[in-house]
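The values are calculated or read from the model by the stated rules, or taken from the named source; none is laboratory data. These figures come from a predicted structure and were not determined experimentally. Heads up, the Cβs are rebuilt from the backbone with ideal geometry, glycines too, and the neighbour counts pull from every protein chain shown.
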Amino acid sequence: MRKRSLTVAAAGATGVAALAAYVFAVRPWHLRWGATEAEARVVLPGDEIVPDASESVTHAVTINAPVWLVWPWLVQVGQNKGGFYSYAWLENLVGCRMRNADRIVPEFQHLKVGDRVWLHPKVPPLPVLVCEPYKAIVMGSNTGEPGTWGFFLKPIEDDKTRLVVRGRGRVARGPLGWLFHHALFEPAHFVMERKMMLGIKRLAEASARAVAAEPLPRGLNMIWDSPKIEAEESEANTGLTRYETDANRFELRCGMCGELYSARDIEAREEITFDYGEAYFDEHIRPKGCKCAACR
């Protein structure tokens, strides 16, 4: 009887020690995995959606690739799109039917506020609340509790990007809600999200190596009617932007619009139409007056 009591006491002590180790060592580590103190404290877009969040988790990783090569992988996440670059076999055990993309899919490169990101074919999707191209994507909650899941890109060098992921929300009331969140959801979500971030890092860095291995484009000419850009001015003064290249891919950098790149192979002598977007057009082009006949 005494031996049995000692065994039960030892098991209880081991359980208490394991719980203490998780609460005081493991949990603080995974709540801020990869993130600096400044990254964990900085206010990010979407934080105001849940101003009284009881839980805030910030993870981060450095990607050896420029922002413009990271964004295409991030913007196509979703169960019915490019997947989540995590443990698909685990996700598929619960019926997610997940398939992680290993290439950039052009038809999945368009995302806007109001769109929905699916996690599971039978689970309500996450609404897109913030979408700032090459900067941030913030998704909302699909439950009755307020919450956000945000992805943020910050260039730290010309060829490096900091990917910061933040989750904010309020834990469901009651002991069962607390237990479910802290003992099941939180550690499981960390494992999956960490794999996702490393997956994006791997894919974007592979893209960067592929771009670096390509020769510089030949015969690139730019015709742009703008005094702010050092480029050949259009003699016809049409206000049109044109790109001509003998190579089938190109990358162009300029101080006015940052970086332009092709999401697909471009045929030699192919004519390209560039969509500035309404915000850029209204801020930079409309005030000077566009000379296109069919201005829009």
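Could you please let me know if ALA136 is over 13 Å from LEU44 (Cα atoms) and of a type in the set (A, V, I, L, M, F, W, C)?
Details: over 13 Å from LEU44 (Cα atoms): no; of a type in the set (A, V, I, L, M, F, W, C): yes.
When the stated conditions are applied, ALA136 does not pass them.
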With respect to VAL70, is the statement that it is within 14 Å of MET197 (Cα to Cα), in the same structural domain as THR143 (by TED's automatic domain parsing) and either buried (at least 16 other Cβ atoms within 10 Å of the Cβ) or not polar (S, T, N, Q) (or both) true? yes
message = Being aliphatic (A, V, I, L, M), under 21 Å from PHE190 (Cβ atoms) and assigned by TED's automatic domain parsing to the domain that holds ALA60: is that true of VAL130 here?
response = no
Every listed condition ((1) among the charged types (D, E, K, R); (2) within 15 Å of VAL77 (Cα to Cα); (3) surrounded by 18 or more Cβ atoms within 10 Å (Cβ to Cβ)) holds for ARG168 save (2)
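Surrounded by 19 or more Cβ atoms within 10 Å (Cβ to Cβ), under 19 Å from HIS110 (Cβ atoms) and of a type outside the set (Ser, Thr, Tyr), is that true of GLY46?
Details: surrounded by 19 or more Cβ atoms within 10 Å (Cβ to Cβ): yes; under 19 Å from HIS110 (Cβ atoms): no; of a type outside the set (Ser, Thr, Tyr): yes.
No: the conditions fail for GLY46.
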